[in-house]
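Colleague: Encoded as structure tokens, here's the structure I'll be asking about.
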Amino acid sequence: RKEVEQDPGPFNVPEGATVAFNCTYSNSASQSFFWYRQDCRKEPKLLMSVYSSGNEDGRFTAQLNRASQYISLLIRDSKLSDSATYLCVVIPYSSASKIIFGSGTRLSIRP
Amino acid sequence: SQTIHQWPATLVQPVGSPLSLECTVEGTSNPNLYWYRQAAGRGLQLLFYSVGIGQISSEVPQNLSASRPQDRQFILSSKKLLLSDSGFYLCAWSVRQVNTEAFFGQGTRLTVV
């Protein structure tokens, strides 16, 4: 089983819609979680951290479910500029130096 | 503020030729350093990470090697490139001993022909 798994998509939704995707991880001792955004042919950039109690940044909400070992990202009122690939990141506590990326979920917002 | 530099941005190399990609970080000390590869349309594969000078952990057996000759310098090398080495190579850094996020360089797009 992969350490971090994501639905590759693509998710194709209309502008203004709400979209959510999950990321599952296999190491129950994982400590830190993040969502990154990657535009085509560019480097990934940090979108937001994921806190145990859940957190919100504008239209974006991230949540962590430790019992089921997944994190989620919700995007409300989606914009055309949200089209990108969203990567989840997990840092296992046992190896705090090792940063594992999911394979990414492609999101396409249509007008 | 911290910055990470990676070069070159694009590279076309013949099969069997050597490779050297360099990454340097400024504005921080003792960073964790990483090399990732991304094949077209795929996710990021962790190749190497380093927690200090001369300390390299390899994640997958491959045709590549990494070195960290200085605290803020990370080098990815190959003696003989294969076609399968083509991809988008990304260097990243994170703060050591803290479970924080990684910050990426702009990447090197390598095409082996």
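Colleague: Residues that are farther than 30 Å from B:Cys91 by Cβ: find the strands (runs of 3 or more DSSP E) completely inside region A:1-93 holding 3 or more of those.
Modeller: A:11-14, A:60-65
Colleague: Does any residue of region A:50-58 turn out to be out of contact with any Gly (no Cβ under 6 Å at 6 or more places or on another chain), surrounded by 15 or more Cβ atoms within 10 Å (Cβ to Cβ) and of a type outside the set (Gly, Ala, Ser)?
Modeller: Looking through region A:50-58, at least one residue is out of contact with any Gly (no Cβ under 6 Å at 6 or more places or on another chain), surrounded by 15 or more Cβ atoms within 10 Å (Cβ to Cβ) and of a type outside the set (Gly, Ala, Ser).
Colleague: Now for a different question. Would you mention how many residues in region A:62-95 are surrounded by 15 or more Cβ atoms within 10 Å (Cβ to Cβ) and either more than 30 Å from B:Ser57 (Cα to Cα) or away from chain B (no Cβ under 13 Å) (or both)?
Modeller: The qualifying residues number 14.
Colleague: Shifting gears a bit: Considering only region A:1-50, state which residues are of a type in the set (Gly, Ala, Ser), more than 12 Å from A:Ile71 (Cβ to Cβ) and within 11 Å of the chain's Cα centre (by Cα).
Modeller: none
Colleague: May I ask you to say which residue of B:Gly52, B:Gly27 is away from chain A (no Cβ under 14 Å) and farther than 21 Å from A:Lys42 by Cα?
Modeller: Matching residue, one of B:Gly52, B:Gly27: B:Gly27.
Colleague: Considering only residues that are free of Cβ contacts under 8 Å to residues at least 60 places away in the same chain and not hydroxyl-bearing (Ser, Thr, Tyr), look in region A:7-35 and name the one that is farthest from the other protein chains (Cβ to nearest Cβ).
Modeller: Step by step, filter region A:7-35, then rank; the result is A:Ala20.
Colleague: Here are the criteria: (1) away from chain B (no Cβ under 14 Å); (2) surrounded by 15 or more Cβ atoms within 10 Å (Cβ to Cβ). Tell me which single one A:Lys98 does not satisfy.
Modeller: Going through the list (1) away from chain B (no Cβ under 14 Å); (2) surrounded by 15 or more Cβ atoms within 10 Å (Cβ to Cβ), A:Lys98 breaks only (1).
Colleague: In region B:83-113, how many residues are farther than 16 Å from B:Thr3 by Cβ, among the aliphatic types (A, V, I, L, M) and more than 10 Å from chain A (Cβ to nearest Cβ)?
Modeller: Count: 4.
Just so you know, all these numbers are worked out from the coordinates, no wet-lab data involved. Everything numeric in this text was worked out from a predicted model, so none of it was measured. Note that each Cβ is placed from the backbone with ideal geometry, even for glycine, and that neighbours are counted across all protein chains shown.
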